[in-house]
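Laboratory data are not the source of any read-out in this text; all were calculated from the coordinates shown. Quantities reported herein were computed from a predicted structural model and do not represent experimental measurements.
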Amino acid sequence: MYRSSCESLRPRLRKIIARAGSLGADAPDLPRILMYHGVDDRGGRLSVTPREFEAHLDILVAGNIDVVGVSELHARFMKGDAAHAVALSFDDGFREMYDIVAPLLLSRNMGATFYVITDRLNGGIPNDSRRYMDADEVKRVHEIGFEIGGHTHTHPVLSRIDSERAADEIGICRRRLEKLLGQAPTSFAYPRGDYSLDHIEMVRSAGFANAVTVRPGSLMGNIPRFQLLRTEIAGGDDATTFRLKLAGGIDSWHRVVSAFGDIRRVVARRTP
Ligand SMILES: [Zn+2]
């Protein structure tokens, strides 16, 4: 019931906020980390089509915006050298990262960070119809210059497992990637954006240097390096919506959705 009333509000709220955003914001509000999941024709919020994705890249090219990975963007931001840059981030390491996304980015000289789940490195797991990059593909993507980040070993919601297992999920992921790539990963993404102060400490002590959340916003302001904000790019985002998101015009809408998500998570934790 709660969920369905939120869903029915979404299109209306989105329209209102998009209209408000378009009044004052059409210049990019950077630096900003864009968050993608799938790039395919599955439909839904978590998949943009290859055609939509190419339209987004065309806009970045036309705006002469530097497109890099998350750790590079953060390093440049700390040096005050990221004013006209975005980072692209892709969660879960789906197979099309290798087949479609990396080639499209490579041909435009763009960087990105792919957050991978280490128990999917054999290409997938039983009962999951999605295909994932296998170890060789992840290695190849890294060798050609893309950043590989950690996204835990099995993709649990960290707040739903005990501390010992959460620390293992983070540590195993980092060690397996280090072994595979010959270089330890520096960036981490919390599965489903769920984390607590304890999890931040686990990520830090595992050796990661930064972490991304699903909380909305740009990198401006005093953002802690283990809680970097991102801007979700969703299925159906046309050129106008994409420009608006680059301009920060949908940050307020994303904050509303994120707040609903937080409330839902707190309620779920308290429900026995
Ligand atoms: Zn994920």
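Here the 3J(HN,Hα) profile of the range 72-83, calculated from phi with Karplus coefficients 6.51, -1.76 and 1.60 at θ = phi - 60°, is 5, 4, 5, 4, 5, 4, 5, 8, x, 10, 10, 4 Hz, Gly and Pro shown as x. One Cα centroid belongs to the range 40-55, the other to the range 180-222; the line between them spans 25 Å.
When the square roots of the Cα gyration tensor eigenvalues are ordered a ≥ b ≥ c, the ratio a/c for the range 2-267 is under 1.5, which makes its shape rounded.
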